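The values are calculated or read from the model by the stated rules, or taken from the named source; none is laboratory data. Note that the coordinates shown come from a computational prediction; the quantities given were computed from them, not determined experimentally. Here the Cβ positions follow ideal geometry from the backbone for every residue, glycine too, while neighbour counts run over all protein chains shown. In case anyone asks, the SASA skips ligands and DNA or RNA and just uses the protein heavy atoms, side chains included. Shrake-Rupley method; radii C 1.70, N 1.55, O 1.52, S 1.80 Å.
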Amino acid sequence: RVVVIAHNVLPHERHRGDATLVRALFSRADGVLVHSDELAALAGPLAGAKTQIIVAEIAPHLPVQAIPRRPASSDDEPFERLLFFGTVRPYKGLDVLLKALAKVPRIQLVVAGDIWSGAAALRAQLVSLDLVDRVSLRPGYVAGADIPALFSDVDALVLPYCSGTASQNVLLARAMGVPVIATRSGTLAAQVHDGVDGLLAAPDDVDDLTAALVRFYSPGTALRLRGGVPAIDVESSWTSYIDVLGAALTGVPVAGTR
């Protein structure tokens, strides 16, 4: 039996012929495993009539071990610094975040990761929004050993995705003990619990993301959300994932198949 694990059913940046190629692959598989109901709905029409569509929550495959949690103290003051981490691509909404940041004074931002189309256009946007002194760029691949230092002095990871599928970055933030400000895109709405371990905003909405940033920095909120960040149970997450994949490979009916 053949099962395809489709982290993305179709590319984020679409090209002519994408659907045809994916349909050819899926129609030859016994099953397609995806990581959200949204992706299952996208995969269904591209699969053969006998191909199972299977949904399983993505399991953590983090580049670094969880760091010891710094106890939250009422005496802690926010760093007034946020982090955007990962490859900068159009669908990830960094441009939306920068427009929102320009409306919230004082807050700084670190952008760390490969810049898909080069840094020139991004630096031009920083100039146009008067954010040159508030946004630090760290372009290029970030080694796993360098990740804890990036998260050590920020208040939250921001995932302003305009669209998306499943992301490891929420799990990475949890491993680092940091709350997440995200949009309700892809699986982010299910991963981030609004008002508990992070905040949610509408995708591709500058005003709503601005409101989330203001809310995050309201008195006591950043500290409370950091205290609500859950630990990651890597072992049980992988056990569940492998159980679903193993069942699909052996032909055993899997709950949630379509």
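Measure out, as a whole number of angstrom, how far apart the alpha-carbon centroids of segment 36-115 and segment 196-229 sit. Distance between centres, Cα-based: 14 Å.
For the pair residue 128 and residue 5 in one chain, pulling the backbone fully straight at 0.36 nm per residue adds 40.1 nm over the alpha carbon distance. Accessible surface calculations at 1.4 Å, restricted to protein heavy atoms, place the chain at 49 Å² per residue.
At a 1.4 Å probe radius, carbon and sulfur cover how many percent of the accessible area of the chain? If you can, show how the numbers build up before the last one.
On the way: 6920 of 12620 Å².
Carbon-and-sulfur percentage of accessible area, whole number: 55.
Per-residue accessible area (protein heavy atoms, 1.4 Å probe) orders 18, 194 as 194, 18, starting from the largest. With all protein chains in place and ligands, DNA and RNA left out, the 1.4 Å accessible area ranks 38, 57 as 57, 38, largest first.
Per-residue ellipticity at 222 nm from helix content only, as computed over the chain with -39500 (n - 2.57) for each DSSP H run of at least four residues, stands at -9000 deg cm²/dmol. In the frame of its principal axes, the chain has Cα extents of 56, 41, 32 Å, reported largest first.
Taking amide H as placed 1.01 Å from N in the peptide plane, residue 201 has its amide H under 5 Å from the amide H of 182, 183, 184, each at least 5 places away in sequence or on another chain. Once the C-beta distance of residue 57 and residue 16 is scaled by a Förster radius of 51 Å, the resulting FRET efficiency is 0.95 to the nearest 0.05.
The orientation-averaged projected area of the convex hull spanned by the Cα atoms of segment 28-173 comes to 11.5 nm². Using a probe of 1.4 Å on the protein chains alone, the accessible area found for residue 77 is around 150 Å². Placing +1 on the Cβ of every Lys and Arg and -1 on the Cβ of every Asp and Glu, with no other charges, gives the chain a dipole of roughly 580 debye about its Cα centre.
Evaluated at 20 °C with a viscosity of 1.002 mPa s, what Stokes-Einstein diffusion coefficient in µm²/s does segment 115-258 have when Rh comes from the Kirkwood expression over alpha-carbon pairs?
Values: Rh = 17.5 Å.
Using the Kirkwood radius from Cα pairs, D works out to 122 µm²/s.
Placing dummy labels 7 Å off each Cα toward the beta-carbon, the span from residue 236 to residue 119 is 4.3 nm.
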